[in-house]
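Asker: Dumping the structure here so I can ask a few things about it.
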Amino acid sequence: MGVMSSDPAVNEGLLPLGSSRANRWMVAEGRADLVRQPVLPRPATVQAMGKLITFDLARTALVVVDMQNDFCHPSGWLAHIGVDVAPARRPIAPLRRLLPLLRSCDVPIVWLNWGNRPDRLNLSPSLLHVYNPNGAGVGLGDALPGSGAKVLERGSWSAAIVDELATEPTDIHVAKYRMSGFQDSELDSILRNLGVNTLMFAGVNADQCVLCTLQDANFRGYDCLLLEDCAATTSPDYCMAATIYNVNQCFGFVVGSEAVAAELVHRASKGANGD
């Protein structure tokens, strides 16, 4: 077999095949060109905790975890069971500032949200026990007294992203059913198709679903950045402190969203987005 020609005339008639520009073939009836087109790097440099880091915006996505009504809204599930949701709402303001900047730089926004099946067949007793330890409470998929809203049921108000965080049609939505968004989900396949190798993390709870997903990302070879002010928890303060310590020590980098935003604005002012 001979080597494929680089002459465009020889490749005439090939059509693109693939859902992402970063992972796409060219194909026709009698041939297939498996060579992916190169993605030009777009380096960004920010000060993280203890280290200056440079990452590639062209291979980066933001993963926003569980910024949903049941976790963050005063009428949601956590508030109903007596949890103060004020800490869970702290990421809203910094995310509102950061999201438009990331979108303007073509950085994918992935909303990773808890979304139960109505029949709860994707939830094991051990998982249900975490949120309903005596069996008589209001746990995953149960109806809230008064509103009747089913806790974190996919497609419901309960599982919807809070109104303050507007989504765009280009954003990506992934349902999860475990603390880690990689377990039993399509998240990894989507990120591989996007050609992503660096993940920024935001959302709640920082010490639970955010951390578990970030750890799994690290185990799979992704570079991980925790956006400290865009992540929060309703757990005691020491849980957040331990999360920051462990991410910085073992699983990636900790950085503030203001540093990322400033770098994006700086790049835009220099017309560097297409570099």
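The values are calculated or read from the model by the stated rules, or taken from the named source; none is laboratory data. Note that the coordinates shown come from a computational prediction; the quantities given were computed from them, not determined experimentally. Cβ placement follows ideal geometry from the backbone for every residue including glycine, while neighbour counts extend to all protein chains displayed. The protein model used for the area step is the full one, side chains on, heavy atoms only, and it has no ligands, DNA or RNA in it. Shrake-Rupley method; radii C 1.70, N 1.55, O 1.52, S 1.80 Å.
Asker: In the range 120-131, is there at least one residue being out of contact with any His (no Cβ under 6 Å at 6 or more places or on another chain), under 22 Å from Glu263 (Cβ atoms), open to solvent by 10 Å² or more (accessible area, probe 1.4 Å) and in a loop (DSSP other than H, G, I, E, B)?
Answerer: No, the range 120-131 contains no residue that is out of contact with any His (no Cβ under 6 Å at 6 or more places or on another chain), under 22 Å from Glu263 (Cβ atoms), open to solvent by 10 Å² or more (accessible area, probe 1.4 Å) and in a loop (DSSP other than H, G, I, E, B).
Asker: Still on this structure, I have one more. Given (1) farther than 22 Å from Thr45 by Cα; (2) hydrophobic (A, V, I, L, M, F, W, C); (3) touching a strand residue (DSSP E or B) at 6+ places or on another chain (Cβ under 6 Å), where does Val247 come up short, assuming only one miss?
Answerer: (1)
Asker: Only residues that are aliphatic (A, V, I, L, M) and open to solvent by less than 10 Å² (accessible area, probe 1.4 Å): list them for the range 198-222, please.
Answerer: Leu199, Met200, Ala202, Val204, Ala206, Val210, Leu214, Ala217
Asker: Within the range 223-249, how many residues turn out to be surrounded by fewer than 18 Cβ atoms within 10 Å (Cβ to Cβ), touching a residue at least 12 places away in the same chain (Cβ under 8 Å) and farther than 16 Å from Pro91 by Cβ?
Answerer: Of the residues in that region, 2 qualify.
Asker: Quickly run through the range 15-44 and pick out the residues that are among the hydrophobic types (A, V, I, L, M, F, W, C) and more than 20 Å from Asn193 (Cβ to Cβ).
Answerer: The initial filter retains those residues of the range 15-44 that are among the hydrophobic types (A, V, I, L, M, F, W, C), namely 15, 17, 22, 25-28, 32, 34-35, 39-40, 44.
Selection gives Ala28, Ala44.
Asker: From the list Ala79, Ala93, Ala22, Ala32, exactly one residue is among the hydrophobic types (A, V, I, L, M, F, W, C), over 25 Å from Gly148 (Cβ atoms) and open to solvent by less than 40 Å² (accessible area, probe 1.4 Å). Which is it?
Answerer: On the way: Ala79 fails: over 25 Å from Gly148 (Cβ atoms); Ala93 fails: open to solvent by less than 40 Å² (accessible area, probe 1.4 Å); Ala32 fails: open to solvent by less than 40 Å² (accessible area, probe 1.4 Å).
Ala22 is the lone residue from the list that is among the hydrophobic types (A, V, I, L, M, F, W, C), over 25 Å from Gly148 (Cβ atoms) and open to solvent by less than 40 Å² (accessible area, probe 1.4 Å).
Asker: If I go through the range 168-185 residue by residue, how many of them are closer than 30 Å to Gly139 by Cα, open to solvent by 40 Å² or more (accessible area, probe 1.4 Å), out of contact with any strand residue (DSSP E or B) (no Cβ under 6 Å at 6 or more places or on another chain) and not hydrophobic (A, V, I, L, M, F, W, C)?
Answerer: Summing the residues that are closer than 30 Å to Gly139 by Cα, open to solvent by 40 Å² or more (accessible area, probe 1.4 Å), out of contact with any strand residue (DSSP E or B) (no Cβ under 6 Å at 6 or more places or on another chain) and not hydrophobic (A, V, I, L, M, F, W, C) in the range 168-185 gives 3.
Asker: Here are the criteria: (1) modelled with pLDDT of 95 or more; (2) more than 23 Å from Asp84 (Cα to Cα); (3) open to solvent by less than 60 Å² (accessible area, probe 1.4 Å); (4) in a helix (DSSP H, G or I). Tell me which single one Arg267 does not satisfy.
Answerer: (1)
Asker: Further, regarding this structure: Which ranges mark the strands (runs of 3 or more DSSP E) fully within the range 17-91 that have 1 or more residues being under 23 Å from the mean Cα position of the chain (by Cα)? Before the answer, list the steps.
Answerer: Details: elements: 23-28, 31-33, 43-48, 51-56, 60-65.
Result: 23-28, 43-48, 51-56, 60-65.
Asker: Being farther than 25 Å from Ala202 by Cα, assigned to a loop (DSSP other than H, G, I, E, B) and open to solvent by less than 60 Å² (accessible area, probe 1.4 Å) is the filter here; which residues of the range 136-159 pass it?
Answerer: If the condition is that a residue be farther than 25 Å from Ala202 by Cα, assigned to a loop (DSSP other than H, G, I, E, B) and open to solvent by less than 60 Å² (accessible area, probe 1.4 Å), then Gly137, Val138, Asp142, Leu144, Gly148, Ala149 are the ones that fit.
Asker: Name the single residue that is farthest from Gly115 (Cα to Cα) among those in the range 167-221 being in a strand (DSSP E or B) and more than 10 Å from the chain's Cα centre (by Cα).
Answerer: Thr198
Asker: Being closer than 18 Å to Val110 by Cβ, within 24 Å of the chain's Cα centre (by Cα) and open to solvent by less than 30 Å² (accessible area, probe 1.4 Å): is that true of Val162 here?
Answerer: When the stated conditions are applied, Val162 passes them.
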